[in-house]
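The values are calculated or read from the model by the stated rules, or taken from the named source; none is laboratory data. None of these values were measured; they are calculated from a predicted model. Note that each Cβ is placed from the backbone with ideal geometry, even for glycine, and that neighbours are counted across all protein chains shown.
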Amino acid sequence: MSVYKNADSGTWYAMCWFTDWKGKRKQKCKRGFATKKEAQAWEREFLMQKQSDVTMSFESFVSLYEKDVKPKLKLNTWLTKESIIQKKILPYFKKRKLSEITAKDVIDWQNEIRSLTDSKGKPYSTTYLKTVHNQLSALFNHAIKYYGLQSNPAAKAGNMGSEERKEMLFWTKAEYLKFADAMMDKPISYYAFEMLYWCGIREGELLALSASDFDFTNSTVTISKSYQRLKGQDVITTPKTKKSNRVIKMPQFLCEEMQDYIKMFYSAEDDERIFPISKHYLHSEMDRGCKETGVKRIRIHDLRHSHISLLIDMGFTALAIADRVGHESIDITYRYAHLFPTRQTEMAEKLNFERIEEGA
């Protein structure tokens with residue numbers, strides 16, 4: 001074993017050789033162990049990790065998972081995964097060998113997680129429980145695909161929780177216009193809600209907008225980025241999906257409004273955010289407007305539902321709406337099917353006519 005004692009400090013250190021992914025021989029040294037046993041344990045774990053040995057600890061595998069997966073994901077997506085792993089998964093499995101975790105272990109873990117409560121003392125929602133389990137299952141699937149693990153104990157144990165569809169609320173045009181009147185005392189609030197309602201863009205897409213995204217000659221706004229506040233920093237990322245990259249045609253009145261707004265504060269060449277506010281600010285303004293007008297309180301995201309429901313009511317197809325809001329048409333059809341006018345009677349009458357014609 002390549003473990004030695006530092007005569008000056010009295011601590012132990014481990015030094016070992018390994019072959020990296022390029023096939024090069026490299027040396028790794030780790031210092032500061034209180035005992036020889038600790039240094040030897042670190043060396044064994046390090047070498048198992050480098051050799052992709054599934055008898056490595058679950059904690060060591062999670063380190064590999066992070067190196068493999070994190071570079072492919074948006075920062076906010078990784079931070080969500082990391083939080084679940086660190087708080088809900090690692091405390092239970094980190095010292096276990098990856099290959100020795102069984103379906104029964106996962107069931108015991110599920111029961112433990114179900115017994116936990118959130119910061120308000122309430123049990124976790126079934127949607128959150130499912131999300132936590134899916135992350136554990138994703139870890140094992142990664143180990144199967146890239147590190148030779150034979151089976152997924154989380155899949156064998158079965159999922160916990162289920163996805164709950166949140167009630168889809170929306171404002172009618174009359175409700176929105178009533179609310180918008182209350183926002184006119186604060187231009188930044190008024191124009192922000194105008195963009196959200198009349199374009200159906202997401203909250204992060206709104207907050208990432210800059211003057212250069214607007215083409216007033218063609219009355220369009222380009223959606224190509226999204227804003228997040230992560231770990232105290234403003235972060236601009238790509239939109240939610242590839243389909244989210246789109247160019248939206250604005251109604252003429254909104255085009256004129258946004259021209260006026262940008263002229264008030266910004267030069268046409270300015271690439272800085274034209275809505276330098278936070279999501280918290282928008283939520284507070286929503287509270288204020290609803291309280292003043294008596295309009296029912298909906299979520300900020302429900303303004304997107306409101307835009308889509310307005311377009312459905314105006315007779316536009318799922319395909320046309322999906323193109324405008326950055327969805328797949330199948331998603332629009334599935335999620336908003338109850339809002340589309342039924343044409344069953346018309347279909348039945350035409351089928352009846354076809355049958356009669358055929359028999360004549």
Exercise for review: Could you check, for region 123-136, whether at least one of its residues is loosely packed, with under 13 Cβ neighbours inside 10 Å and more than 25 Å from V221 (Cβ to Cβ)?
Suggested key: yes
Practice item. Inspect all residues belonging to region 154-164 and state whether any of them is outside any loop (DSSP other than H, G, I, E, B) and closer than 20 Å to I332 by Cα. Key: no
Exercise for review: Please tell me if S119 is farther than 20 Å from A157 by Cβ and not in a helix (DSSP H, G or I).
Suggested key: yes
**Study point:** Restricting region 56-76 to residues that are in contact with a strand residue (DSSP E or B) (Cβ under 9 Å, 6 or more places away or on another chain) and not aromatic (F, W, Y), the residue that is nearest to L149 (Cα to Cα)
**Key:** M56
Check your understanding: Going by the structure shown, is E45 in contact with a helix residue (DSSP H, G or I) (Cβ under 8 Å, 6 or more places away or on another chain), at pLDDT below 90, assigned to a helix (DSSP H, G or I) and acidic (D, E)?
Key -> yes
Review point. Which ones in region 82-136 are of a type in the set (D, E, K, R) and more than 17 Å from E59 (Cβ to Cβ)?
Key: K104, D108, E112, R114, D118, K120, K122, K130
Review point. For region 86-106, which residues satisfy the criterion of being surrounded by 16 or more Cβ atoms within 10 Å (Cβ to Cβ) and either in contact with a helix residue (DSSP H, G or I) (Cβ under 6 Å, 6 or more places away or on another chain) or touching a residue at least 60 places away in the same chain (Cβ under 8 Å) (or both)?
Key: K88, I89, Y92, F93, L98, I101, V106
Point to revise | Failed item, numbered, when G148 is tested on (1) in contact with a Ser or Thr (Cβ under 7 Å, 6 or more places away or on another chain); (2) surrounded by fewer than 17 Cβ atoms within 10 Å (Cβ to Cβ); (3) without any contact (Cβ under 8 Å) to a residue 60 or more places away in the chain; (4) of a type outside the set (A, V, I, L, M) | key: (3)
**Study point:** Output for region 279-317, where each listed residue is farther than 21 Å from E167 by Cβ and hydrophobic (A, V, I, L, M, F, W, C)
**Key:** M314, F316
Practice item. Kindly indicate whether K291 is modelled with pLDDT under 95, out of contact with any Asp or Glu (no Cβ under 6 Å at 6 or more places or on another chain) and farther than 28 Å from F214 by Cβ. Key: no
Check your understanding: Here are E328, E256: which of them is over 19 Å from the mean Cα position of the chain (by Cα) and among the acidic types (D, E)?
Key -> E256
**Study point:** F58 vs. criteria in the same structural domain as F93 (by TED's automatic domain parsing) and either aliphatic (A, V, I, L, M) or at pLDDT 85 or above (or both)
**Key:** yes
